Amino acid sequence: MKDRKFDFAIDRGGTFTDVFARLPDGREKVLKLLSHDSQNYRDAPTEGIRRVLEEETGESFARDQPLDTSQIGWIRMGTTVATNALLERQGERTALLVTRGFRDLLHIGTQARPALFDLEVCMPEVLYEEVIEVEERVILRQDSCQLPRNEPKRIVKGSTGESLEVWQELDLQLIDFRLRRVQSKGISSIAVLLLHSYTWAAHEKAVGSLAKRLGYTQVSLSSEVMPMVRAVPRGYTVCADAYLTPKIHLYLTGFSEGFKGGLKDVDVLFMQSDGGLTPMEQFCGSRAVLSGPAGGVLGYAVTCYGFMEKKPVIGFDMGGTSTDVSRYAGQYEHVFEATISGITLQAPQLDISTVAAGGGSRLFFRSGMFVVGPESAGAHPGPACYRKGGPLTVTDANLALGRLLPSFFPKIFGPGENEPLSTEETMKHFRTLTKEINQYLSTNQSSSSSAGEHHSEMSVEDVAMGFINVANEAMCRPIRALTQAKGHDTSEHVLACFGGAGGQHACAIARALGMKTVFIHKYSGVLSAYGLALADVVEEVQEPCSLKYEAGSFSDLDSRIEQLSQRCDQILCKRGFSSSQINIEVFLHLRYEGTDCALMITAAGHPSNAHSCTSGDFRTAFTKRYLKEFGFTITDRPIMVDDIRVRGSGKSGIRSKVQPKSEQKSPSPIKCYFEDRYLDTSVYLWENLSCDHSIQGPAIIIDKNSTILVEPACVAHLTEDGDVCIDVGTGTQCVLGTELNAIQLSIFSHRFMSIAEQMGRVLQRTSISTNIKERLDFSCAVFGLYSSSAHIPCTGSFDVFQIKAAGGSMQEGDVILSNHPCAGGSHLPDLTVITPVFRDGMRVPVFFVASRGHHADIGGITPGSMPPHSTCLQQEGAVFTSFKLVTGGVFQEKAVTEALMTPAQYPGCSGTRNLRDNLSDLRAQVAANQRGCQLVGELIASYGLEVVQAYMGYIQVAMLKDFARRRRQETGSLEVEAEDQMDDGTRIRLKVQIDEQQGSAVFDFTGTGTEVWGNCNAPRAITLSALIYCLRCMVGQDIPLNQGCLAPVKVIIPPGSILQPSQNAAVVGGNVLTSQRVVDVIFKAFQVCAASQGCMNNISFGSEKSGYYETVAGGAGAGPTWNGRSGVHTHMTNTRITDPEILESRSDYITNTISLDPGVRQTVCFCILVNTFKSIIAFLK
């Protein structure tokens, strides 16, 4: 860095551009301007630089002339150009070149739909508009392969050390012809994805060279963009690179033209998604999508972590439409796959979670519950207080409570953008909503009231405060997921708050999570820009590997690590960094052999020894991290190295300087509403506070870009650096009774779902099988609380049976295993683990928690335990009715092993073929349940058992009453019926009667056909799960989900029918086929949507040593206002499909093709409505 120059760090966001400038004399300057203001300037970052230069030098710089760069030292920038282009689908026209047979691979993707309960399947459009299938095929060489070979195949060596066979060579002449044809359509950008190119890239490079010779301006090769195994995310990533990079280069060209010499002599660096800076010419699309948010993470990590004595920090960035949360504990936490705008990018990115709750999130009252978001008012029309006819939002709630002061906001609102914020408009909307809420409560609370009990009406302030509390709880959920679900204690963290809206909620959120400290940097309103000034310049290289981490491989690993490290070091030295400024970090992407869960591991803190490679003891680092994240290690399995990654960082050494401030006069208090009353609240201007100032809450601290609310029982201090540090007190705890409180109803809804979500995350983390860990074929639930995690629709009705069968005899430390259809099971591979929750002084369980996971094999007549021709239950695998899996805290491994091998005693059957995975996954399910027990216990300890039970009951009744009311208003009828047939003619008949006044319903399946000889019989639990799923879809609200939803519903199923078969009937097909048909009949009765494809399309195969199981997506039916969608899972399943490269690298099988049926590839799905919604039919054109 040169002396006496202006240095700029700029965050160009979607709405505002923030500029941090360090002046030649060491002073600092910040400003904020609109990112788009075409009437005044062409480019916001350039305009920001121009304004600073004019104000500080006194010289005039014309807007229409390039800026002189002689006084500029460096420019660092984060931008949402790539993000916005991806969100708005405004990238470059792109063509995809892919191995023949896989043209629809990225259209199908993982085959999972993004929202389980949305009948309109909104899948993101692919980023390419043309596909060229490349006649080539390379496979990993398998010595055990028995496929016939007509001729010897060329053997090549991959970068991982694996051997590959070239089954089909490239036909460059044919590719030339096809590329020219696509080019004639005006497409100049291509993405190349050939299978296994992550390890052998010769074919991709040949195609890329040809495309460049033909004049394609952007050629992105998956082997260069991100050489990692998994074709689908690598394909998405290379498409994003080809789609976005030209737009980035176009912007960079325009930006450079705003300066004399095109910024030739200025050090210009751009922020990447991984939190590192890169030269402008190397800034590319696939690593630019999180460019803006990354700066904020760096900002709080550098400023807060050191100040707070290296306590772990949660970053809380609350904006207008959403809130970003992240974690820093001495190292930046990266993920290598993240989904953004429906596109899964396989590139290093900071681990940032987003929740759709921000200042602009809309407020609703639905089914007796306060609901915040996910809909947002946006910038236009914005919140109601913006005077543009907008709806009520979180911002309005804060304004109504006196927590926002219009006099401190600029007059930029209203149609003419010259008026202040309107408190009157906000209060008018809240008075209307409050009246609606009180009317609902007076009508519906009578059933939950005791005799003579009187419910007082809610005030406007009560309603606004209620929405604030619900919004806070919604924002607590991702923080719990980021900490508790990964084994961290949330209360041991500091909450680092930034973004314009976060300061109003920070104290309340910290208190709810048990945090003691909130830290708000003086530049919190522009922290993303400030973080850019603190960031390191990063050079990162990565290459795939397939070595075992063992002594025989250490020399090879050391050699490859040294080569990659030298590359990073040389590049950073060329950029002007000395050796003392360069830090090299080595990472190995490690996993246990036979598993798919790889962790990117650094050996920091684990020096090398005689049993490790020279870069460190990665084995110890891996096992410690694995144990912390997953709760166990697999000591008898080798550790595999999937990738070698080296990250070089050039340290900038930039730190902020503090300007002394004068003491502010004693402020005049205002009235601000907290919980149940108004309190006197002091108001301070941050810029006038001295560094030793201490402020007792309640108080408001106002900055140019943010408002900080210091709540009662909290104390704010100004640090020596001018930042705000708030000590969070416990406050007063309100005692909650069992009577209905609409606000608490909404908060309980979030808490219930959070418990099930955390159980699901523990299960996913601690499991070992691909089915559970990767394909997410599992669900979790709490009986009594009746909430479940929405991975797969519902866990069934095994709670009722188990409570009756074993509830009285169960003791603390016992765990039950069950899968029998008569015990509430779906089909045998779905093993359900049930744990009782006890309370002190009570001899019987007060609740049960459960986790159900699909095991790839539990024995039977075929590998995969999904036989298509089974005729009795015993042929489908091991059977458990109410089996003690854990007794007195001891896992019964011997007994469960014997039970899993029992099917071998039946003719033609085998015991389980995957015993090791069975045992590991059962332990994972026990661990998930243990987490559920802990969280349920904490909830009961906070509120009391009767209160927790009461609130779930309120949710159940409210759901059906509201649904009945809307149904009557839309159709005038609360009685419906429908009938359909299975392929063999077996009828499924349904008649429904809904009682709006009682909030109850009768679903009567009388007339349904009898039990069948094959395996399409569906246990009663299947029908109940299908019914719960359908109700959740039709209600359209995010509510806790499980059989408790059916408490107000009477379900009639004739015994001996296909929906309630005899005890030993075969049922494996009922779960995967009949379940879908039941859903279709229910939706047909309510005329909701056209039928789905009607089956989960299960495929299972294998040998006596292993079994493989997959579900293949079909298609979703159209509805009154939406089209159908092909190549996606529907209704009762949403599991992911195994990536073809993973399948071929981990097994002896080869994938020939993954595509849609050619007859429907160009299909347009739409619906025709006949006789005013009397029937809905999907047609394929």
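A few comments on the model shown:
- Relative protection proxy for 16-24, 1055-1063, from highest mean packing down: 16-24, 1055-1063 (other beta-carbon atoms within 10 angstrom).
- Ranked by the mean number of other Cβ atoms within 10 Å of their residues, highest first, the peptides 604-610, 209-215 fall in the order 209-215, 604-610.
- J(HN,Hα) series, region 187-196, from Karplus relation 6.51 cos²θ - 1.76 cosθ + 1.60, nearest Hz, glycine and proline x: 8, 10, 10, 10, 10, 10, 10, 10, 4, 6
- Surface/4 of the Cα convex hull for region 155-296, nm²: 10.8
- Highest-first arrangement of 709-716, 672-679, 809-816, 693-700, where packing means the average Cβ count within 10 Å: 709-716, 693-700, 809-816, 672-679
- Computed with a 1.4 Å probe on the full set of protein chains, the accessible area for Ser668 sits at about 90 Å².
- Applying 0.36 nm per residue to the separation of Ser353 and Thr614 and subtracting their alpha-carbon distance, the gain on full extension is 90.4 nm.
- Comparing region 970-1086 with the 2.2 N^0.38 Å rule of thumb, its C-alpha radius of gyration ratio is 1.04 (two decimals).
- Order of exposure, largest accessible area first, which applies to Phe408, Phe61 with probe 1.4 Å: Phe408, Phe61
- Cleavage-rule hits (trypsin sites (Lys or Arg not before Pro)) in region 156-188: DSSP loop, at most 16 neighbouring Cβ within 10 angstrom: Lys185
- Measuring between their Cα centroids, region 510-551 and region 251-269 lie 28 Å from each other.
- Per-residue SASA entry for Leu34, accessible area with 1.4 Å probe, Å² rounded to 10: 80
- Modelled spin labels at Asp489 and Ser553, positioned 7 Å past Cα toward Cβ, are 3.7 nm from each other.
- Alpha-carbon centroids, region 836-915 and region 161-177: separation in whole Å: 47
- The GluC sites (Glu not before Pro) of region 1-93 that DSSP puts in a loop, and whose beta carbon has at most 14 other beta carbons within 10 Å, are Glu59, Glu88.
- Straightening the chain between Leu685 and Ser70 buys 217.7 nm, computed as 0.36 nm per residue apart minus the Cα-Cα spacing.
- When both bridge partners sit in the chain, DSSP labels roughly 75% of those beta bridges antiparallel.
- Residue-by-residue Karplus 3J(HN,Hα) for region 895-911, coefficients 6.51, -1.76, 1.60, Hz, glycine and proline x: 5, 6, 5, 4, 5, 5, 8, 4, x, 4, 7, 8, x, x, 9, 10, x
- A convex hull fitted to the Cα coordinates of region 88-180 yields 192 cubic angstrom per residue.
- The candidate values are [x] 26; [y] 30; [z] 16; the one derived from this structure for percent of Cα pairs over 57 Å apart carries the label [z].
- For Asn1152 and Ser942, the FRET efficiency from 1/(1 + (r/R0)^6), where r spans their Cβ atoms and R0 equals 56 Å, is about 0.50.
- Shown is the FRET efficiency for Met901 and Thr1010, computed with R0 = 35 Å from the Cβ-Cβ distance and rounded to the nearest 0.05: 0.55.
- In this structure the amide hydrogen of Val131, modeled in the peptide plane, comes within under 5 Å of the amide hydrogens of Leu96, none closer than 5 places in sequence on its chain.
- A Förster distance of 51 Å, applied to the separation of the beta-carbon atoms of Lys704 and Arg839, puts the FRET efficiency at 0.45.
- Start at zero, step by 10 Å, and the Cα-Cα distances of region 486-606 spread as 10, 24, 24, 26, 15, 1 percent across the bins.
- In angstrom, the C-alpha Rg and Dmax of region 840-962 are 19.3, 55.
- Note on region 30-99: Rg/Rh from Cα positions, Kirkwood definition for Rh, rounded to two decimals, is 1.13.
- Fraction of accessible area attributable to carbon and sulfur, region 21-163 (%, probe 1.4 Å): 42
- Length gained when the stretch Arg575-Thr432 is fully extended (0.36 nm per residue, less Cα-Cα span): 45.3 nm
- Between Phe891 and Glu970, the distance separating the two model label sites (each 7 Å from Cα on the Cα→Cβ line) works out to 4.7 nm.
- Residues Lys29, Lys428, ordered by accessible area of protein heavy atoms at a 1.4 angstrom probe radius and largest first, appear as Lys428, Lys29.
- To the nearest 10, the accessible area of Phe409 is 70 Å² with a 1.4 Å probe.
- Of the residues His380, His249, ranked by 1.4 Å probe accessible area with the largest first, the sequence reads His380, His249.
The values are calculated or read from the model by the stated rules, or taken from the named source; none is laboratory data. What you are looking at is a predicted structure, and each value in this text was computed from that prediction instead of being measured. Cβ sites come from the backbone with ideal geometry, for glycine too, and all protein chains shown count toward neighbours. Accessible surface is based on the protein model in full, side chains and every heavy atom, while ligands, DNA and RNA are left aside. Shrake-Rupley method; radii C 1.70, N 1.55, O 1.52, S 1.80 Å.
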